[in-house]
Amino acid sequence: MFRYSATKRIISNLEREPVVSNLGPTSDELWHASDRDRNFYTYGSMGLCSSIALGMALSCDEKVISLDGDGSILMNLGTVATIGRESPANLIVIVWDNEQWAQTGHQKSHTAFGTDLEMVARSNGIEKSFTVADEEELDSILLQALNEDGPWFIVAKIEDEAYLSVAPVEPEYTLHRFRQTFVDNPERVG
Amino acid sequence: MTWAQTIADALKEHEISLIAYVPDSSIHQVTKIIDKDKYFHLVSATREEEALGIAAGAYATGRNAAVFMQSSGFGNSINAVAGLAIPSRIPIPMFINLRGEHGEFNIAQVTMGRSTRPILDVLGIPHYTLDSEERLGEKVKGALKLCYASREPLALCMTPLLHGGKNV
């Protein structure tokens, strides 16, 4: 499975659901797939993608999708425990697992040596945890996740692919644009 | 009114209803009030940078959120402040218990405690030291108002003079 193609497919299944993306190519590909006002791109704070999504899921009634990565979530496995403890029914975590830190020189990550993120999620009480290897499987689990209570934790095994251009994203602008879709009263200025 | 209740009331006044934290024996005086009050959702994080991520997500969906941590935990969360809250302009009030102040018994707490305010200065984050109950409500409410007006993280550093410290 290739991440950009799968990302486009995920977006085609969504309506207004908020999406948080891990830093780097995952955010770039989300932007290229569709620059929605409900996208929250991260460009720093590696490891926090699913923590941010957890904060969103605890604060809104809609399904929230986290597009995380193996390297990122390995940096913050504690948040899997917090997701299990809080157990928000509206959170869907998708972990793109290429078993490496691709951007920094393709160094192998721990998932290449047996760390099983699905089992990590299960052992933290997230029963709806799955590993998928192709787009059709991902598609069918995502459709289920969008319609049934979670939390959901989906490990999506992906292969290497060429990177797209860096998305011209201004974090202050995208945060503001995202937030404005949730608040009734626009922030006062001045 | 106790200092802890004053802080809990100030949070409510600013509609801060999600609190992400890592436990600390001194700030427990506040977090136990928050935990009992249905207005708040107290989220126990495993690490302080995670707490900042959770608070950022809450704010992004229109809910005000604050974090509580110890100065050692502020050390754990600097990149979440510098790489998320500051560039995205996310106002997150950070209540930090300053360890390493007078009365500290643990040498391992001294350096991070002593470095916390200088690091906040280098990051350009406004911070206020809470070391007395005198005018506490005014100080906290004013700081929270500034935090949301400026849309940037802000720190409220609590010392043993406020909360009594930890003796063992």
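Structure notes:
- Extension gain from A:Q107 to A:D37, taking 0.36 nm per residue of separation minus the Cα-Cα distance: 21.8 nm
- Largest accessible area first, the listed residues B:F68, A:F2 line up as A:F2, B:F68 when surface is computed with a 1.4 Å probe on the assembled protein chains.
- Here the sum of -39500 (n - 2.57) over DSSP H runs of 4 or more residues, divided by the residues of chain A, equals -11000 deg cm²/dmol at 222 nm, to the nearest 500.
- Fully extended contour minus Cα-Cα distance, from B:K36 to B:L123, at 0.36 nm per residue: 27.9 nm
- Cross-linked pairs B:K36/B:K145; A:K128/B:K145; A:K157/B:K38; A:K63/B:K166; B:K38/B:K139; B:K12/B:K166: Cα-Cα separations exceed 32 Å for A:K128/B:K145; A:K157/B:K38; A:K63/B:K166.
- Its relative contact order, with pairs defined as Cα atoms under 8 Å and 6+ residues apart, puts region B:21-164 at 24 percent.
- Working value for region A:1-139: equivalent-ellipsoid semi-axes of 20, 19, 15 Å, each the square root of 5 times a Cα gyration tensor eigenvalue, largest first.
- Which of B:G73, B:A51, B:N97, positive extreme of dipole for region B:21-104 (C-beta unit charges): B:A51
- Lys/Arg +1, Asp/Glu -1 at C-beta; region A:1-70 dipole; positive extreme among A:S51, A:T26, A:M1: A:M1
- Residues of region B:100-137 with amide N under 17 Å of the 7 Å Cα→Cβ point at A:E172: B:123-126
- The relative contact order of region B:17-93, computed from alpha carbon pairs under 8 Å that lie at least 6 residues apart in sequence, is 37 percent.
- Extended-chain gain in nm, criterion 0.36 nm per residue less alpha-carbon gap, A:N147 and A:D134: 2.6 nm
- With Cα atoms as the point set, the protein assembly as shown shows a radius of gyration and Dmax of 20.4, 63 Å.
- Pairwise Cα inverse-distance average, inverted: Kirkwood Rh of chain B (Å): 15.5 Å
- Share of alpha-carbon pairs per 10 Å distance bin for region A:1-59, given as whole %: 23, 55, 21, 0
- Overall, the protein assembly as shown carries a charge dipole of about 1140 debye about its Cα centre when +1 sits on the Cβ of Lys and Arg and -1 on the Cβ of Asp and Glu, all other atoms neutral.
- For A:18-28, mean number of other protein chain Cβ atoms within 10 Å: 1
- Taking the Cα centre of chain A as reference, the dipole from Cβ charges on Lys and Arg (+1) and Asp and Glu (-1) amounts to some 440 debye.
- Pairwise FRET efficiency - B:I78 versus A:D184, Cβ, R0 = 30 Å, nearest 0.05: 0.30
The values are calculated or read from the model by the stated rules, or taken from the named source; none is laboratory data. Bear in mind the structure is a predicted one, so any value in this text is a computation, not a measurement. Virtual Cβ from ideal backbone geometry, glycine too; neighbours counted across all protein chains shown. In case anyone asks, the SASA skips ligands and DNA or RNA and just uses the protein heavy atoms, side chains included. Shrake-Rupley method; radii C 1.70, N 1.55, O 1.52, S 1.80 Å.
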